[in-house]
Every structure is written in structure tokens, then in C-alpha cells.
1. Residue by residue through segment 73-121, note down the ones that are outside any loop (DSSP other than H, G, I, E, B), in contact (Cβ under 8 Å) with a residue 12 or more places away in the chain and within 13 Å of the ligand (Cβ to nearest atom).
2. In segment 144-187, which residues are assigned to a strand (DSSP E or B) and of a type in the set (Lys, Arg)?
3. Which of the residues belonging to segment 54-92 are of a type in the set (Asp, Glu) and buried (at least 18 other Cβ atoms within 10 Å of the Cβ)?
4. Would you be able to tell me the number of residues in segment 29-45 that are in a helix (DSSP H, G or I) and exposed (fewer than 11 other Cβ atoms within 10 Å of the Cβ)?
5. If I ask for residues that are more than 8 Å from the ligand (Cβ to nearest atom) and either without any contact (Cβ under 8 Å) to a residue 24 or more places away in the chain or in a loop (DSSP other than H, G, I, E, B) (or both), which ones from segment 62-72 would you list?
6. Please state which one of Ser198, Ser188, Ser134, Ser124 is out of contact with any Phe, Trp or Tyr (no Cβ under 7 Å at 6 or more places or on another chain), crowded, with 16+ Cβ neighbours inside 10 Å and on the phi < 0 side of the Ramachandran plot.
7. Within segment 108-117, is there a residue that is among the basic types (Lys, Arg), closer than 12 Å to Val56 by Cβ and touching a strand residue (DSSP E or B) at 6+ places or on another chain (Cβ under 7 Å)?
8. Exactly one of (1) over 17 Å from the mean Cα position of the chain (by Cα); (2) surrounded by fewer than 16 Cβ atoms within 10 Å (Cβ to Cβ) is unmet by Arg48. Its number?
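Rule-based calculations on the coordinates, nothing more; no lab input. Given the structure is predicted, the values throughout are model-derived calculations rather than measurements. Using ideal geometry, Cβ is built from the backbone for each residue, glycine included, and neighbour counts are taken over all protein chains shown.
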Amino acid sequence: MSRGKSRSKSSQRWLNEHHSDDYVRKSKEQSWRSRAVFKLLEIDERDRLIKPDMCVVELGAAPGGWTQYVARKLSPNGYLLAVDILAMDAVEDACILQADFTEDHALEQIREMLDGRAADLVLSDMAPNFTGQSAVDQPRSIYLAELALDMCEEFLAPGGNLLIKAFQGAGIEELTKNIRGKFASCKSRKPSASRPRSREIYLLAVNKR
Ligand SMILES: C[S@@+](CC[C@H](N)C(=O)[O-])C[C@H]1O[C@@H](n2cnc3c(N)ncnc32)[C@H](O)[C@@H]1O
């Protein structure tokens, strides 16, 4: 059986949507590595998250659309550490770490690379490999979001901000409550590049206590 014939209806639908998607076309035209960049761009334009001389830690960075955008905004005086479990090509003015963020060793490597700097902003676009079963996918995605929140304890400066990808469903209220315990406020964002039928949202935690 050819690969085409073996595709499930949902993966075929994803491919169709992807190819006809305006954001995919725009990302190619503008040489961004992913359409995901338009999500961050919209949030950043609204909330003014990224400023030139910041120290930013980005989790779940591959293939690197967000990394390209943040690195350009920070250059030449800021510092960007981009982390992903997958290998990714170099991005000018970004430090890249290939590590599994669920492992303690990743935190040791981040500590080493930050070398005493405190982050002004933590971004997490991490998402697990989806199985299509929400009983499996939802807890995995919430777990990644909770880990991103936990790392702020040590690595994010007081007054700093955190933007995390999350999926609406079980665990999101608890996650929001945990964010509110550590930050002055927690806002929800659904940028236009985030597909309307996806449960994906971004939680913006402002002003770490
Ligand atoms: C939606 S993609 C990120 C897209 C990226 N923001 C961009 O603009 O190109 C999610 C990423 O999370 C990463 N990820 C998932 N689990 C991870 C983990 N345990 N540690 C590090 N990265 C992880 C995946 O490898 C994937 O590259």
C-alpha cells in the first residue's frame, strides 16, 4: 500500500489544510521556518513581550520560527536560549540546546548555559507527540506546561513574564490556578494563526512575584 493510501482521514485533512493555509504560504514567502511564528508575532504585537536587551528562554523551539523572530528582536544585546528535544539548525544570535526538557539533566544544562543570568521571559511552545487520544494527550501537554511553570521558580527573574502553550481540557484550570499563585495575572490568548478547531491556547503569565 502506498503511503498516500495509508494516511488516516485526519492526517490527510491536516495536510490539505496545511497546504492551503495562508500562514504556511506567508511563512515560506517571508523565510520563517514555521507558521507558528505568526502566533507569537500576534501575541507580541498585542502584549509587547519581547524587548531588545532581554534574556529569553524558549522551550519547544524546533524547527525554529519563534527562535528566528525572538533572536531578531533581541539582537545584538539580548540573549536567547532555545531548547528542543529535536535537533535544529543554527539560528543567528541564538544559543541552541538539544535536550529533553522532562529530564533533570536539561535543567542542569540550562543552568550552565545561562551562567548566572536570570531570564526576563520564558516562552514554551512545547507540545507532546499527539496520539489522537485526549486521555493520553491532554495530561502529557499539561505536564509539559507545568514543567515550564516550575522552571520559572529558579530561572525567571521577579517581574518576568511567561507564555505557555496549553490545550483546553482536563487540568487547564489547575494550571491556571498554579500560574495565578506565582504571577500577578494570567491571561488567555488565542492568536488567529492557531487553528480555530484546535483546543490550543496560550497562557500569558505576567509579572512573576
Ligand atoms: C509546536 S512545536 C514548536 C514550534 C516552534 N515554536 C516554531 O516556531 O518552530 C513543539 C515542539 O516541542 C518540542 N518538545 C516536545 N516535547 C519536548 C520535550 N520533552 N523537551 C523539549 N522539547 C519538546 C517538540 O520537539 C516540538 O519541536
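1. If the condition is that a residue be outside any loop (DSSP other than H, G, I, E, B), in contact (Cβ under 8 Å) with a residue 12 or more places away in the chain and within 13 Å of the ligand (Cβ to nearest atom), then Leu80, Leu81, Ala82, Val83, Asp84, Ile96, Leu97, Gln98, Ala106, Leu107, Gln109, Ile110 are the ones that fit.
2. Kept after step one, since they are assigned to a strand (DSSP E or B), are these residues of segment 144-187: 156-167, 183-187.
Correct list: Lys165, Lys187.
3. Just the residues of segment 54-92 that are of a type in the set (Asp, Glu), to begin with: 58, 84, 89, 92.
The answer is Glu58, Asp84.
4. Final tally of qualifying residues: 2.
5. Correct list: Ala71, Arg72.
6. After ruling out the rest, the residue left standing is Ser124.
7. yes
8. Looking at each condition in turn, Arg48 falls short on (1).
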